[in-house]
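The values are calculated or read from the model by the stated rules, or taken from the named source; none is laboratory data. Keep in mind that this is a model prediction, so the values were computed, not measured. In this analysis, Cβ positions are derived from the backbone assuming ideal geometry, glycine residues included, and neighbour counts consider all displayed protein chains. SASA here: full protein model, heavy atoms, side chains in, ligands and nucleic acids out. Shrake-Rupley method; radii C 1.70, N 1.55, O 1.52, S 1.80 Å.
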Amino acid sequence: MSTLYQASESGFYGEYGGAFIPEMLYPNIEQLKSQYLNIIQSDDFQQEFIQLLKHYVGRPTPLYNATRLSAEYGSTIFLKREDLCHTGAHKINNAIGQVLLAEKLGKTRIIAETGAGQHGVATATACALRGLPCIIYMGAKDIDRQRPNVSRMQMLGAEIVSVESGSKTLKDATNEAIRDWINNPVDTHYIIGSVVGPHPYPEMVTLLQAIISKEIQEQAKKKPTHIIACVGGGSNAIGAFYHYLDDEEVQLIGVEAAGHGIDTSMTAATLALGTPGVLHASMTRVMQTIDGQVIEPHSISAGLDYPGIGPLHAHLSDTGRVLYHSVTDQEAMKAAHQLSRLEGIIPALESAHALAYLNNMDHNSGQTIIINLSGRGDKDLATLTNGISDETE
Amino acid sequence: MKLNEVFGANQRVLNIYISAGYPKLESLGTILPALEASGVDIIEIGIPYSDPIADGPTIQRSNSIALENGITVDTIFDQISACPVKTPLILMGYFNTVLQFGVEAFCKRCHDVGVSGVILPDLPLDLYLNRYVPIFKKYALHNICLITPETSEERIRQIDLHSSSFIYAVSSSSTTGKNKSVKDAADYLQRIQSMQLSSPLMVGFNIKTSDDFDFVCDYAAGGIIGSAFLLALEKSKDIKETTHQFIKAIRS
Ligand SMILES: Cc1ncc(COP(=O)(O)O)c(C=O)c1O
């Protein structure tokens, strides 16, 4: 890995990143910063982590040759099946890693934010496995549209706090989780669900998700020409890209949620519309007014409904190493239906954004495209089937 | 009066926090003179922000109402300059609003309208030292830092070294407006007091009554009241009268 894409000592990727934290969080962030790398690189940690990823999460996840989808487009398309992870999304890679880390840091209480509920379910699962109390902050709007995941978290023994402020989605859930951490600085570890937040979170979550591209390298018989992933905060995408960042022959593509379209106010396409600013203690690209007030985003997908993005993605966008595009709610819905019918796989609405981008590409038989299928769509069935009747109207 | 003169003259310094644009867009024009007439020593004006992560429900609510009222950083500066009070003024806000205004442009406007200092809780000391000291110096603006019960002695000394005015001691490890008792902070305040810092100390968070205020004055130069005053304003029919009553009660 070249140093080109590594965080500096103070956590900056180019001009993005850092830790814009209030003093109340300083001791926690310092502790993490000074200890996390030693811990996660220790033999002790690695042994346990790898065992759990293998026997509990079910890794490695398959790299599946989607022949009917390939025939439809005329390229060779593989799906990296993160949807087959225990709990149904890539989020568990990070959650297990951070729960093990929290134990080593001596923390006895776990908090997390969640949008789609996948990170909440993953965290609740890891906490159940280790017998740790778990509090999940979730926007009231997301509680409504991701019901199945709310029930799963309850089943797993997590306490769910409904967040009523702002747009009642992921941004506000993250604010509340940060406030909880400020109020419980000693015993609590905050498991951020994506490559966002203050340094060292973006770097730490990147390292925990990098297993995705490590496996792809081992599994792919031929080097891919393209790797495509959806981007909310950017954890599944950076996981899928990480070990290819230095290999310029592989075109890396991140797909944001355009919502109703990037020329409307109902969108979550941060790199398309955002400007440099601080959100959740990180300098990144932010959807904001000229006065620096954060704009409420919109996406049909709760996991992509976020007005910021991981600082490394902002940097990769500026340097041009990764191309970022966006697709609309409707395009994502169509792609979800298409994959269900062609391959018998119901994707998460988030992942469907990556799939939808296939429609915007040129295809030829010489191309090998890997799509990171970050999660499964069970949680989205209500929205997806609503969409079917919408489409026939 | 200059900010630091307050500390020489007075050992029971009262600093009141308000959110600009709250309860009405133009309320600053009424509240600033009322606070001055009531004998407040420092006025801290909050710049409303959409995502105030260090604040509890009361200040969150005042921020979102102020934003709905249409407050902007520009309007705040205009309102301050239209309302000349002699009481030292401090601006408190989140770094992103300052960044978007332009750090230098912001410091310059502060200087032009007579703001003495700023509290930016999410601008950490190292970033301030690495990037912004010359700009703050150029416009004679004090950067006021926070310490908490979890801040190490070494770090408190470092903050003391780089403070040109007071240090803001947060009385509990919490967001603002939590219903904790400020008296639980006795050991912590004792510890800070015994460090004999060169900067004056102002204690904030959880101060609601004159009793609380008296308590912190035993350990520090004075106290900062925010949420309790906003709650009084929330119920108020007459801002001027409410302000006088509130300050009188605290000073009694
Ligand atoms: C299945 C799935 N994919 C993607 C995301 C977006 O997050 P990230 O961009 O961090 O991968 C989520 C978030 O909830 C998710 O559940």
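Values as computed for the structure displayed
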read-out: Verdict on A:THR264 being without any contact (Cβ under 8 Å) to a residue 60 or more places away in the chain, within 13 Å of the ligand (Cβ to nearest atom) and out of contact with any His (no Cβ under 7 Å at 6 or more places or on another chain); value: no
read-out: So B:GLY39, is it in contact (Cβ under 8 Å) with a residue 40 or more places away in the chain, outside any helix (DSSP H, G or I), more than 10 Å from chain A (Cβ to nearest Cβ) and surrounded by fewer than 21 Cβ atoms within 10 Å (Cβ to Cβ); value: yes
read-out: Where a residue in the stretch A:210-230 is without any contact (Cβ under 8 Å) to a residue 60 or more places away in the chain and away from the ligand (no atom under 16 Å from the Cβ) and its partner, wherever it lies, is open to solvent by 10 Å² or more (accessible area, probe 1.4 Å) and outside any strand (DSSP E or B), with Cβ under 6 Å and at least six apart; value: A:LYS214/A:HIS243; A:GLN217/A:HIS243
read-out: Output for the stretch B:113-132, where each listed residue is in contact (Cβ under 8 Å) with a residue 12 or more places away in the chain, outside any loop (DSSP other than H, G, I, E, B) and facing another protein chain (nearest Cβ under 10 Å); value: B:LEU125
read-out: When residues of the stretch B:117-167 are limited to those that are among the hydroxyl-bearing types (Ser, Thr, Tyr) and within 26 Å of A:ASN183 (Cβ to Cβ), the one surrounded by the fewest Cβ atoms within 10 Å (Cβ to Cβ); value: B:SER152
read-out: Search result, residues across the stretch B:133-151 that are in contact with a helix residue (DSSP H, G or I) (Cβ under 8 Å, 6 or more places away or on another chain), away from every other protein chain (no Cβ under 13 Å) and outside any loop (DSSP other than H, G, I, E, B); value: B:ILE135, B:PHE136, B:LYS138, B:HIS142
read-out: Odd one out for B:THR75 among (1) within 13 Å of chain A (Cβ to nearest Cβ); (2) under 19 Å from B:SER116 (Cβ atoms); (3) among the hydroxyl-bearing types (Ser, Thr, Tyr); value: (2)
read-out: Counted residues, the stretch A:162-172 - those being away from the ligand (no atom under 16 Å from the Cβ) and open to solvent by 40 Å² or more (accessible area, probe 1.4 Å); value: 3
read-out: Answer residue from the stretch A:87-134, given it is within 16 Å of the ligand (Cβ to nearest atom) and on the phi > 0 side of the Ramachandran plot and is surrounded by the fewest Cβ atoms within 10 Å (Cβ to Cβ) among those; value: A:GLY88
read-out: A:LYS221 of a type in the set (D, E, K, R) and either part of a helix (DSSP H, G or I) or under 17 Å from A:ILE111 (Cα atoms) (or both); value: no
read-out: Matching residues, the stretch A:46-83, being hydrophobic (A, V, I, L, M, F, W, C) and more than 15 Å from A:GLN209 (Cα to Cα); value: A:LEU63, A:ALA66, A:LEU69, A:ALA71, A:ILE77, A:PHE78, A:LEU79
read-out: Test: residue in the stretch A:273-282 that is of a type in the set (Gly, Ala, Ser) and away from every other protein chain (no Cβ under 14 Å); value: no
read-out: Selection count, the stretch A:211-235, where residues are polar (S, T, N, Q) and open to solvent by 10 Å² or more (accessible area, probe 1.4 Å); value: 3
read-out: Those residues of the stretch B:78-103 which are among the hydroxyl-bearing types (Ser, Thr, Tyr), more than 10 Å from chain A (Cβ to nearest Cβ) and assigned to a loop (DSSP other than H, G, I, E, B), in sequence order; value: B:THR87
read-out: Odd one out for B:ARG109 among (1) among the charged types (D, E, K, R); (2) crowded, with 16+ Cβ neighbours inside 10 Å; (3) facing another protein chain (nearest Cβ under 9 Å); value: (3)
read-out: Qualifying residue in the stretch A:338-356 (condition: farther than 21 Å from A:PRO62 by Cβ and open to solvent by 20 Å² or more (accessible area, probe 1.4 Å)); value: no
read-out: The stretch A:90-114 residues that are farther than 23 Å from A:ILE238 by Cβ, paired with ones that are open to solvent by 10 Å² or more (accessible area, probe 1.4 Å) and within 16 Å of the ligand (Cβ to nearest atom) (beta carbon under 6 Å, 6 or more apart); value: none
read-out: Output for the stretch B:207-252, where each listed residue is β-branched (Val, Ile, Thr) and either in a strand (DSSP E or B) or buried (at least 16 other Cβ atoms within 10 Å of the Cβ) (or both); value: B:ILE207, B:VAL216, B:ILE224, B:ILE225, B:ILE239, B:THR242, B:THR243, B:ILE247, B:ILE250
read-out: Matching strands (runs of 3 or more DSSP E) fully within the stretch A:254-331 where at least 1 residues are open to solvent by less than 10 Å² (accessible area, probe 1.4 Å) and in the same structural domain as A:LYS141 (by TED's automatic domain parsing); value: none
read-out: Number of the condition not met by B:ILE45 [criteria: (1) among the hydrophobic types (A, V, I, L, M, F, W, C); (2) open to solvent by less than 10 Å² (accessible area, probe 1.4 Å); (3) in a helix (DSSP H, G or I)]; value: (3)
read-out: Selection from the stretch A:5-20 of residues that are of a type outside the set (Ser, Thr, Tyr) and open to solvent by 10 Å² or more (accessible area, probe 1.4 Å); value: A:GLN6, A:ALA7, A:GLU9, A:PHE12, A:GLY14, A:GLU15, A:ALA19
read-out: Residue among A:LEU84, A:LEU69 that is in contact with an Asp or Glu (Cβ under 7 Å, 6 or more places away or on another chain) and either modelled with pLDDT of 95 or more or open to solvent by 10 Å² or more (accessible area, probe 1.4 Å) (or both); value: A:LEU69
